[in-house]
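Here's the structure we're looking at; comments come further down.
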Amino acid sequence: MEGAVLRKLAAAACLLALLPAAPARAAQTSLRASDPSVLRVGGTYVGVQSVGDRGIAVRQASSTGGLATAAARTVWSDTGDLGEVWAPEIHYDGGRFYIYFTAGRGAAHRMYVISSATADSGYTGATRIALPDDRWAIDGTMVVFNGQRWFVWSGWAGTTNVEQNLYIARMTGPATVTGARYVISQPRESWERVVGNPYINEAPEAIRDPDGRLHIVYSANGSWSDQYCLGELRLRAGGDPAYVWDWYKSNGCLFGSNRATMMAGGLGPDAVRQRARPPQLRAAQRRHRDQPAGRPALPADVPRGPEGHAVHVGEPLLVHRHVLLVGQHHVLPGERSRAGDRHRVQSEVLRMTPRVARFLAAYGERGVRTSAAQIRRLASADGPDGPLPVVPEELIAAAIAFEERYGGLTYRLGPRGAEMEYGLDGEAYFAWTPEHGWTMPAIVDGSWTWGLAVLLDGRTIMGPGEWPDRVIDRSLEQRLEKHALLAEVAGWPHATFAQTTGTGVIPQIGVIGIPPVPEATGPADLWWSDEDFAVHLTLNGWPEGEDSWAVRCFARSGQQLPEVIRRVEWRGPVGSWCSLCLRFLQPGMPDYTPQGEPGHCRP
């Protein structure tokens, strides 16, 4: 797998964009070999590589530069005809060297390990690593994080090559994996899907930065193409590697040759030719360090208004985004006093921002959840016409995680707002769609009086009536953030404007002097807000061939409403309906005029 060379030799370059300044320097080597991996033990650099897809060799030197001329000593050969030996990774654990590698042919590729007390001799025979679900697996690596060993690899969800995902599982020892596997990344971002058949996330490399954060750099797009590039996952501070809501994904390639797919601050073709450009790298470094977990930063190259605040033009840009739903435990606090009782959601909401905590404490309630045992039982039950297709374990785990955290949750969008309902309601109902894969119909949206489905990658989709399914939220946490913000400002005076675009086209909008709210921004909602003003661009409909958008301008007082309207650069007519107040607007006015309060709508 020649493509793996890119990710291993480029990892040091990516570190420049990921990590804060530190005394250590990334060294270079002119080593040219298949699938190299380098480890430093004391003052010795140990390099491992595959040999003609049939064996593994080790080099040792006192510097990275010396590895290129050091003798390559074969430490293991495929005498058992396992087939296609790929991507060896060398680790040092407990006084022994461990080399993880892939071997097999076609769908039979699996992970193996050999070990020795010395780096370049005396290795054991190959032992197959018993990974959960026993699916196709390549590019495995081990990382020790907060005292726990983890194994990370690229694999298939099923038995066919639809796409390659990244998985993680706990280890009880350097050669033993235990428990379930958890998806931590799928190739679902547009920049990961430039080259497909299949779409891939592969070659994970774990990095711990000086602040103790865990990062995983991985490869996306076809290794057989010149679009192959490196992306990044970041675990939030205090996060659980097996709890996928704690992972964030870069908004583009960190290292690659396609300028169109590069994240701001990443190392694209110009940076590769000209070496690293310090201003770009420092900007990327600040974005990773200064933003609290769960509050994504906007890339430096997002257009800016006159006062320096970001202005969205077209597709919203977020440096990090939640990537998956599948996870475990972590629920909203406040248990039922007896079965069937409903209760107020407490203000101390687990892993919630203060805004969401206040919102749920004021307007949220928690009812009965579907138990994990019931979900598993229903998922394996026959349908009315006989046996149903086997539901993947990762989907069952997703349903259990969703229900533990969100099942039975209801809330209103303010005192008079529509009600939202979350939960499986005692039914483990799953559906497969060609476009989006597995779905769980798990949310009822009172604003639309329609249901939303939750995808395995954490997004929500909806297709009212004859309209096609459309991605509405990039994550459930983003959905809560946008609703909490809307509830805060829904009672303010506001003006509504409308615009129609082509399918999938976000209107161009400029917002001057009001900062964006990236944690509340998603595919169908863009938000800006400060203490006195708020602007909300929202998707109102998507019939065949067109999208209907509305922009709402909120001000804390009616006297301030003209000012917020002035700050919004928008090409669109005055709206005719206020969906917040559920009333038609007065012709010729920015909004309905109730009871002598001119120029604005007030619930």
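Structure notes:
- The figure for L580 is an accessible area of roughly 40 square angstrom, using a 1.4 Å probe on the protein chains alone.
- Phi angles of the range 126-141 translate, via the Karplus equation with coefficients 6.51, -1.76, 1.60 and θ = phi - 60°, into HN-Hα couplings of 6, 10, 6, 7, 7, 7, x, 6, 6, 10, 3, 8, 9, 6, x, 8 Hz per residue; Gly and Pro are given as x.
- Extension gain (nm, one decimal) between D211 and R105, 0.36 nm per residue minus Cα-Cα: 34.1 nm
- Gyration tensor over the Cα atoms of the range 372-525: the corresponding equivalent ellipsoid has semi-axes (square roots of 5 times the eigenvalues, largest first) of 32, 18, 14 Å.
- Surface share of carbon and sulfur [accessible, 1.4 angstrom probe, percent] for the range 36-94: 45
- Karplus-based coupling profile of the range 104-113, in residue order and whole Hz: x, 10, x, 6, 8, 4, 9, 9, 10, 9, with θ = phi - 60° in 6.51 cos²θ - 1.76 cosθ + 1.60 and x standing for Gly or Pro.
- Spacing of the modelled spin labels on T176 and R193, each 7 Å from Cα toward Cβ, amounts to 4.1 nm.
- Computed extension gain for V390 through S257, at 0.36 nm per residue and net of the alpha carbon distance, reaches 43.8 nm.
- Packing-based ranking of 106-119, 176-189 yields 176-189, 106-119, ordered from highest to lowest mean Cβ neighbour count within 10 Å.
- Once both labels are positioned 7 Å from their Cα atoms along Cα-to-Cβ, the gap between N161 and R73 label points is 3.6 nm.
- Note on the range 458-512: with neighbouring protein chains present and a 1.4 Å probe, carbon and sulfur make up 53 percent of its accessible heavy-atom surface.
- Each 10 Å bin from 0 upward holds the following percent of the Cα-Cα pairs of the range 423-498: 16, 45, 28, 10, 1.
- Taking label points 7 Å from Cα along the Cα-to-Cβ direction, N540 and E569 give a separation of 2.4 nm.
- Protection proxy ranking of 473-482, 362-371, by the mean of other Cβ atoms within 10 Å over each peptide's residues and highest first, is 473-482, 362-371.
- Efficiency of FRET from Cβ geometry, R128 and Q560, R₀ 56 Å, rounded to 0.05: 0.25
- Area of S50 that stays accessible when all protein chains are in place (1.4 Å probe, Å², to 10): 10
- Cα gyration tensor shape for the range 101-241, rounded if a/c is under 1.5, else prolate or oblate: oblate
- Using a probe of 1.4 angstrom and keeping all protein chains present, the accessible surface of the range 119-202 works out to 37 square angstrom per residue.
- Chymotrypsin sites (Phe, Trp or Tyr not before Pro) within the range 485-554, DSSP loop, no more than 12 other Cβ atoms inside 10 Å: none
- As a size descriptor, the averaged projected area of the C-alpha convex hull of the range 98-176 was calculated at 5.6 nm².
- Centroid-to-centroid, using Cα positions, the range 478-533 and the range 87-151 are 48 Å apart.
- Between S371 and S63, residue separation times 0.36 nm minus the direct Cα-Cα distance comes to 105.3 nm.
The values are calculated or read from the model by the stated rules, or taken from the named source; none is laboratory data. Quantities reported herein were computed from a predicted structural model and do not represent experimental measurements. All Cβ positions, glycine included, derive from the backbone under ideal geometry; neighbour counts span all protein chains shown. Just so you know, the surface numbers come from the protein's heavy atoms only, side chains and all, with ligands and any DNA or RNA stripped out. Shrake-Rupley method; radii C 1.70, N 1.55, O 1.52, S 1.80 Å.
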